[in-house]
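The structure appears below as structure tokens.
A short reminder: the numbers here are calculations on the coordinates, not readings from a lab. Just so it is clear, the model here is predicted, and its values are computed rather than measured. Please note: Cβ atoms are built from the backbone with ideal geometry, for glycine as well, and neighbour counts cover all protein chains shown.
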Amino acid sequence: MTHTTAGTNFIYLYGVILAEELENTDVPAILGIDQKNVTIINFKELAAVITSVDPQKYSQQQIDLQLKDPDWLKEKAFHHHECISAIHNQFTILPMSFCTIFQKGENLITLLNEQYDAILQQLLRFKEKQEWNLKIYCNSQQAFSYVIHHNPNVLSLKENIANMPKGKKFIMKKKLDQLITNELEKEQSLWWERMEQQLQSIFSDSRLRKNWGREITERNEDMIVNCDFLIDKKKTEQFLTKVQELEHTFSASGCTFQVSGPWPPYHFSKEN
């Protein structure tokens, strides 16, 4: 694998891999974001996966303008992801954010030197691991029904209301509706705690993300969990099997599961 001499070009950084992994495998032949070959820059035990880019097209000012173009953003961001995924298929990678660019090689070397220990530690942590995402959706109607028929606090209040005079029943039914809503929120939190406990022995790390609204998911169900897991490759089948079991267990409460992966460790690359 040849080294890149950037000259007047800028350097686009896809990610950093372990140099030792290059002893048996070369970086795959990939055309970079600016139609130049992807190559590497070595620094001690690290290898930066890079490509040269035209300073006229990839200056910060020009990028800021291009980001306003949804077609450009979609095309280039997809390329960035595809390139990182191709590298991740063969190497342990610490992926960089979209459009991580250096004006010259010396700047990249300075970064690798200053962040050397942290980057190496992350790469060793990611070795033989993959990121998987689990989204859990909940059918509101089915979940409400489940709470009404199974939640002890709701069942208790329903029983009390049944023995009340008609005049008081009307007021208490409004309180019942509010109780059902409150208990549903508590139940969903408890459901996730139980699920996470059963997955605990499989994943090495997890990141809970913000749930997406229906305007993004375009689904009728509400998203109640959006979680990323860092999982050893050897435990992938165990993870997928356990997710299937959990979906079967929680189907009566209106839950459906959506798993995606494996991904490069995007959501574990920056420490909280």
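Numbers for the structure displayed
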{"quantity": "Degrees, to the nearest 10: 140-150 long Cα axis against longest axis of the chain", "calculated": "50"}
{"quantity": "Computed helical MRE - 222 nm, the chain, DSSP H runs ≥ 4 contributing -39500 (n - 2.57), nearest 500", "calculated": "-14500 deg cm²/dmol"}
{"quantity": "Over 19 Å (Cα to Cα) - which of 242/270; 135/210; 210/270; 135/242; 36/270; 36/129 fall in this group", "calculated": "242/270; 36/270; 36/129"}
{"quantity": "Tilt relative to the chain, helix 70-88 - C-alpha long axis, 0 to 90 degrees, to 10", "calculated": "80"}
{"quantity": "Estimated translational D of the range 233-272 in µm²/s (Stokes, Kirkwood radius over Cα pairs; 10 °C; 1.306 mPa s)", "calculated": "131"}
{"quantity": "Choice from 222, 71, 232 with maximal GNM fluctuation in the chain (Cα, 10 Å cutoff)", "calculated": "71"}
{"quantity": "Sites residue 64 and residue 103, calculated FRET efficiency, Cβ-Cβ separation with R0 22 Å, nearest 0.05", "calculated": "0.90"}
{"quantity": "Cubic angstrom per residue, convex hull over Cα atoms of the chain", "calculated": "158"}
{"quantity": "Convex hull volume per residue in cubic angstrom - Cα atoms of the range 10-127", "calculated": "97"}
{"quantity": "Loop-located trypsin sites (Lys or Arg not before Pro) in the range 27-113, at most 14 other Cβ atoms within 10 Å (DSSP)", "calculated": "44, 57, 68, 104"}
{"quantity": "Cα centroid separation, the range 1-71 to the range 85-160 (Å)", "calculated": "24"}
{"quantity": "Dimensionless Rg over Rh [the range 185-236; C-alpha; Kirkwood]", "calculated": "1.03"}
{"quantity": "Along principal axes, Cα extents of the range 20-60, largest first, whole Å", "calculated": "36, 21, 9"}
